[in-house]
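Structure first, then comments.
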Protein chains: 6
Amino acid sequence: MFSVTVRDHLMVAHSLRGEVFGPAQRLHGATFVVDATFRRESLDDDGIVVDIGRAAAELSRVVGALTCRNLDDEPVFAGTNTTTEVLAQVIADRLVIALGDAAADLDGLVVTLRESHIAWASYERAL
Amino acid sequence: MFSVTVRDHLMVAHSLRGEVFGPAQRLHGATFVVDATFRRESLDDDGIVVDIGRAAAELSRVVGALTCRNLDDEPVFAGTNTTTEVLAQVIADRLVIALGDAAADLDGLVVTLRESHIAWASYERAL
Amino acid sequence: MFSVTVRDHLMVAHSLRGEVFGPAQRLHGATFVVDATFRRESLDDDGIVVDIGRAAAELSRVVGALTCRNLDDEPVFAGTNTTTEVLAQVIADRLVIALGDAAADLDGLVVTLRESHIAWASYERAL
Amino acid sequence: MFSVTVRDHLMVAHSLRGEVFGPAQRLHGATFVVDATFRRESLDDDGIVVDIGRAAAELSRVVGALTCRNLDDEPVFAGTNTTTEVLAQVIADRLVIALGDAAADLDGLVVTLRESHIAWASYERAL
Amino acid sequence: MFSVTVRDHLMVAHSLRGEVFGPAQRLHGATFVVDATFRRESLDDDGIVVDIGRAAAELSRVVGALTCRNLDDEPVFAGTNTTTEVLAQVIADRLVIALGDAAADLDGLVVTLRESHIAWASYERAL
Amino acid sequence: MFSVTVRDHLMVAHSLRGEVFGPAQRLHGATFVVDATFRRESLDDDGIVVDIGRAAAELSRVVGALTCRNLDDEPVFAGTNTTTEVLAQVIADRLVIALGDAAADLDGLVVTLRESHIAWASYERAL
C-alpha cells in the first residue's frame, strides 16, 4: 500500500456542548493543522498515488471554506458538536467530493487534525 | 475509524540484558515521549472517541508511576528487559486497566514511545 | 549565557481590528503553543537557571487564565488588538509578575507563540 | 503488533517525467527524511522487534547508496520516474534484501519519505 | 524586541566546489525549509511587527524564483558556492528588496534554512 | 552573522542533588537531543561557517564519550550537579577543545539540550 500526505491548517472559534468538555463549553478557538493522507494499492502510470498539486489545492479549498470563522455561526454545523473528531470526518468527506472522479482511483483517506503539541485526532475511511 | 491521541513523557534509568544491546547494557537512561492513541469505529453521543481530559489524566497517572525512577530497581520489572517495545506494551496494558469500563467502548489502542529524534517504538492492541 | 525553556499552550477565540488582518477580522480562533525561555548569565548554586517545576507551574497558571476564552469578551483586552505579538508580550509580563522575587535572579525572558506550523511570534525583554 | 522505527535521510537531484509534475519536470532536488518502520506480531527473546543497531546500519547503507547523487544519471533508475512514492518502495525493497534472514522474523515494513514540512509519502509491505 | 516568523520551502539541485564538501561535490539536491524572522523594537499601530500576509507572500515569491531548479545552471550563481549559508543570505537580501519601504520599519531579519532533520544554517542582518 | 547547527543525542542516567529537584533527586534518566550551533561573522573562502562534516564528527565524539552511562559514576562529574544547563556547558566547552584551531575562526557557540517535548536548556559562549 502506498500513501501521500499533504499538510494545511485552519483557525476557528467554536464551543462544545456537553459536560464532558469542561471549560471548552465556553466559546474558545483552535488552530487545526490538517494532514490529509491519500492511500492507494498500486501507483498510476506516472508513479504516483495522486497529483500532489491537485491534492494540496483541494485540501486548501476545503480548509479555506472553514478557516477564519466561528463554527458556532455556520448553519451547516447547527446541532453538531464540532469536535476535532467530527471536523476530521467533515474535512475527509468534503475532500472526497472535491476530488470527484480522481477519488475512484484511491483506496483510502485519512485526515488528522492536530489541535496542539499534545493532542490530535484522526478519521480514516475506505474509498 | 476514528482516533484520538494524547502525549506525555517519562524519564527513567535502566540497563538492558543481551549482547545485542551493546553499550546499552550499561546503566543509562532515556526520555520516552509517549503518544497514546485511542481508536473507535464510531463516535459517542458527544461526538468524541473518548473524554480527552480523562484520557490525558489516566496517561499522566500511568506515566507518573514510572517516571523519575531506575527501572532496574522496580520489582515489577525483575527478569524483564525494559526495552522501548516492552515499555510501550506495559503502558498500553496499564492504560486499559486504568480506563476501566470506558475501555469497553474503544476498539483499539496504540502506544508509541519516542526515545530520540531518530528512533521510536509502538505497541498496538485491539480492545 | 544560559537559558531554560518550558512549553505550554492556550486555545482562544478572538477577532482582530484593522484592514491588514483580512479575513482574521472575523471572529475566529487559534491554538498558541507557548515557549517561555528564561535567561541568566550564570547558574545558581544548584546548577540551574530557574526552578523548572516552578517555571512550568507559573506558565501554566498564566496560560490557564487566558485559555478556553473569547478574548474579545475579556475586559482587560478592551481596546487592544490581541495579535500574536501582543499576546506574547502580555504572557511575558504576567510571567515576570508571577515569578516575583525569583525574576530578580534572571537576566532576560523570551516568550514565543506558535500559531501554526508555518507562523510564530516572539517577545523578548531584559530583566 | 509491535513496531520499531529508525530515521535517516538522503539528498538527491532528479527530474520527473509527465505533465502532472509541472515545474518538477525540470532538474531540481530534495532532501528525503526516511523513516523505516519494522513490524512484528510478537517480540523476540531479547524483548525487541529487531536489533535497532543493525536496522539503523542497514538503513544507513541503503540510503548511502542513493544520497549525494543525481538520480537521473543512475542506470538503475533508467526509465523510472523517481517519485517520492517510488523511492519509498525502492528503499523498502532494498532494506528487506539487506536484512537477509533477519527479515524472516518480521511481519511488515513501512518506509516513509518526508520531502518537506508539508508533504510526505509511504510504502507499506508485508513480510 | 518583537519578532514574527513565516515558513516556506524550496527544492533545488546543485553541486558544491571544494574538497571540504566531500560527496556533496557531486550534483545532488536538497529541500530547504525556510524560516524568515522579522524583528522590530516596538509594534506598529495595529499591534504587529509586519503584515504577516505580505511577509508570507514576499517569502513565497523569493523562494518561488529559486525552487524547482538546478542552481548550477542559474547565471546569477555563476562562480558562487550555493552553500546553505550563502542561500540564507541570498534569500534574506532578496526579501529586504521585496519588502521595499516596509523594511524601513524593521530592525532585523533572520533567515534559517533547514536542510535535514539534523542540520540547518542561518543568516542574520540588521535593518 | 551566520550560523550552522548540527544535531545529535545522548542517553544517560543521573540523579540531581537539592530539594528543588523533587523526584529528580532519585536516580532516573534522560535522552538529551543536542543542537550545536556554530556562529561566525563572515563566511570562509568555501562559503561556509565550518566544515559541517567535521562539526558533526566532533559533536558525535563529544556526545559519544557521555552516552550510555550513569553520570553519577563518572569521576569527572564528582561533586557536580549534572543539570541540563551544566551538561550544555560541558558539551560546549568540550566541543571548543575538540575543534582546536578551527575554533579560532568562529565567533560563538550555542549548545541546546532538549530533554523532552516540553523542556530544553541552552548555553551560549563567545569564541
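The values are calculated or read from the model by the stated rules, or taken from the named source; none is laboratory data. Since this is a predicted model, take the numbers as computed values, not measurements. Ideal geometry is used to build each Cβ from the backbone, glycine not excepted, and the neighbour counts take in all protein chains shown. Please note that ligands, DNA and RNA were not included when accessible areas were found on the heavy atoms of the full protein model with its side chains. Shrake-Rupley method; radii C 1.70, N 1.55, O 1.52, S 1.80 Å.
Residues that are more than 9 Å from chain C (Cβ to nearest Cβ) and either farther than 23 Å from A:Val111 by Cα or under 13 Å from the mean Cα position of the chain (by Cα) (or both) within region A:23-43 comprise A:Val34, A:Asp35, A:Ala36, A:Thr37, A:Phe38, listed in sequence order. For region B:106-118, a residue qualifies if it is among the acidic types (Asp, Glu) and either in a loop (DSSP other than H, G, I, E, B) or at pLDDT below 95 (or both), and exactly one does: B:Asp107.
Specify which of the listed residues (C:Phe32, C:Phe38) is aromatic (Phe, Trp, Tyr), closer than 20 Å to F:Ser122 by Cα and modelled with pLDDT of 95 or more. Just one listed residue meets the conditions, C:Phe38.
The set of residues in region D:8-22 that are closer than 17 Å to D:Val90 by Cβ, in contact (Cβ under 8 Å) with a residue 60 or more places away in the chain and more than 8 Å from chain E (Cβ to nearest Cβ) comprises D:Leu16, D:Arg17. Residues considered: E:Leu71, E:Leu66. Of these, the only one that is within 30 Å of E:Arg17 (Cα to Cα), hydrophobic (A, V, I, L, M, F, W, C) and in contact with a helix residue (DSSP H, G or I) (Cβ under 7 Å, 6 or more places away or on another chain) is E:Leu71. The set of residues in region F:23-63 that are within 19 Å of F:Arg94 (Cα to Cα) and free of Cβ contacts under 8 Å to residues at least 12 places away in the same chain comprises F:Gly53, F:Ala57. Looking only at residues that are touching a residue at least 12 places away in the same chain (Cβ under 8 Å) and among the charged types (D, E, K, R) in region D:64-74, which one is farthest from E:Gly29 (Cα to Cα)? Taking the candidates together, the pick is D:Asp72. Of D:Leu106, D:Leu71, all but one fail to be open to solvent by less than 10 Å² (accessible area, probe 1.4 Å), within 18 Å of the chain's Cα centre (by Cα) and within 11 Å of chain E (Cβ to nearest Cβ); the exception is D:Leu71. For D:Ser42, the conditions (1) open to solvent by 40 Å² or more (accessible area, probe 1.4 Å); (2) among the hydroxyl-bearing types (Ser, Thr, Tyr); (3) assigned to a strand (DSSP E or B) are fulfilled apart from (3).
Pick from region F:82-104 the residues that are among the charged types (D, E, K, R) and modelled with pLDDT of 95 or more: which of them is nearest to F:Leu59 (Cα to Cα)? That would be F:Arg94. For the residues E:Asp8, E:Asp51, the requirement of being over 16 Å from the mean Cα position of the chain (by Cα) and open to solvent by 30 Å² or more (accessible area, probe 1.4 Å) singles out E:Asp51.
Out of F:Val50, F:Val33, I need the residue that is of a type in the set (A, V, I, L, M) and outside any loop (DSSP other than H, G, I, E, B). Which one? Explain how you work it out, then say what you get.
Numbers: F:Val50 fails: outside any loop (DSSP other than H, G, I, E, B).
Unique residue meeting the criteria: F:Val33.
Scanning region B:1-29 for residues that are more than 27 Å from F:Trp120 (Cβ to Cβ) and outside any strand (DSSP E or B) yields B:Met1, B:Arg17, B:Gly18, B:Glu19, B:Val20, B:Phe21, B:Gly22, B:Gln25. Within region F:43-85, track down each residue that is β-branched (Val, Ile, Thr) and more than 30 Å from C:Asp51 (Cβ to Cβ). Correct list: F:Ile48, F:Val49, F:Val50, F:Ile52. Candidates in region C:75-89 are the residues that are surrounded by 20 or more Cβ atoms within 10 Å (Cβ to Cβ) and of a type in the set (A, V, I, L, M, F, W, C); of these, the one that is farthest from the other protein chains (Cβ to nearest Cβ) is C:Leu87.
Just one of the listed residues (C:Thr112, C:Thr83, C:Thr67) is touching a Gly at 6+ places or on another chain (Cβ under 7 Å) and among the hydroxyl-bearing types (Ser, Thr, Tyr), and it is C:Thr83. The condition (being open to solvent by 30 Å² or more (accessible area, probe 1.4 Å) and under 20 Å from C:His28 (Cα atoms)) is satisfied by just one residue among A:Ser116, A:Ser60: A:Ser60. The one condition from (1) open to solvent by less than 10 Å² (accessible area, probe 1.4 Å); (2) farther than 19 Å from B:Ile52 by Cβ that A:Asp35 does not meet is (2). Restricting F:Ala92, F:Ala121 to residues that are open to solvent by less than 20 Å² (accessible area, probe 1.4 Å), in a strand (DSSP E or B) and touching a residue at least 12 places away in the same chain (Cβ under 8 Å) narrows the list to F:Ala121.
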